[in-house]
Amino acid sequence: MNLKKLSIEELEDMSHINMAYNILKFEKKQKTTPELFKEICNLLSLSEKRYQDLIGDFYTSLVVDKRFVLLDGKWDLKENTLIEESNDDIEEIDDIDIIEEIDEDEEIEEKDLDEDEEIIEEEPEEEEEDTIPFEEEEEEEEEE
C-alpha cells in the first residue's frame with residue numbers, strides 16, 4: 001500500500017512498525033533504520049525532537065518483529081529475502097550444518113575414547129585374601 005496516498009488521520013492510526021512494513025513492501029528497497037524512520041516521521045509530520053525521542057523504540061520494534069530482517073545494515077522484509085535466496089545458498093547452509101554436526105560428534109567420540117583409555121590404564125585392584133577363589137573352595141570340600 002502506498003502510504004503517501006493515505007490521509008494524516010489514517011497514518012496516525014497505523015503503528016510505526018506497520019508503516020515500516022508497508023514502506024518496504026511498496027518500495028521493494030532495503031533501508032537503514034534512520035532512513036526508514038525518517039520517512040515515517042516525514043509522513044506523520046513529526047519534529048526532529050520527536051524523531052530523536054522515538055528512533056530507539058522504533059529500532060527495538062524492528063528487531064523484535066519477525067517480519068523484518070537486517071542485512072548488511074539495512075532492513076528488508078523476510079518475505080522478500082526468502083524469494084531471492086537461491087537453492088545453492090540453501091544447500092551450502094545445509095552442508096555447513098552437517099559439517100558442524102559431524103565435528104561435534106567427533107569431539108564427543110574423542111572425549112569418550114579418552115575417558116575409556118583412562119579407565120583401561122587404571123590398574124585393577126587386587127582381591128583381598130579373605131576371599132577364596134571358587135576352584136579352591138571345591139578342592140577343600142573334596143578333601144574333607
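The values are calculated or read from the model by the stated rules, or taken from the named source; none is laboratory data. Because the structure is a prediction, the values reported are computed rather than measured. Counting neighbours? That spans all protein chains shown, and the Cβs are built from the backbone with ideal geometry, glycine included.
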Within the range 55-84, restricting to residues that are closer than 12 Å to K25 by Cβ and among the acidic types (D, E), the one that is surrounded by the most Cβ atoms within 10 Å (Cβ to Cβ) is D76
Matching residues, the range 13-31, being among the β-branched types (V, I, T) and touching a residue at least 24 places away in the same chain (Cβ under 8 Å):
I17
Determine whether the range 32-40 contains at least one residue that is in contact with a Lys or Arg (Cβ under 8 Å, 6 or more places away or on another chain) and touching a residue at least 40 places away in the same chain (Cβ under 8 Å).
yes
Under the condition of being surrounded by 13 or more Cβ atoms within 10 Å (Cβ to Cβ) and among the hydrophobic types (A, V, I, L, M, F, W, C), which residue from the range 5-25 is modelled with the lowest pLDDT?
L6
Against the condition hydroxyl-bearing (S, T, Y) and modelled with pLDDT of 90 or more, how does T32 come out, does it pass?
yes
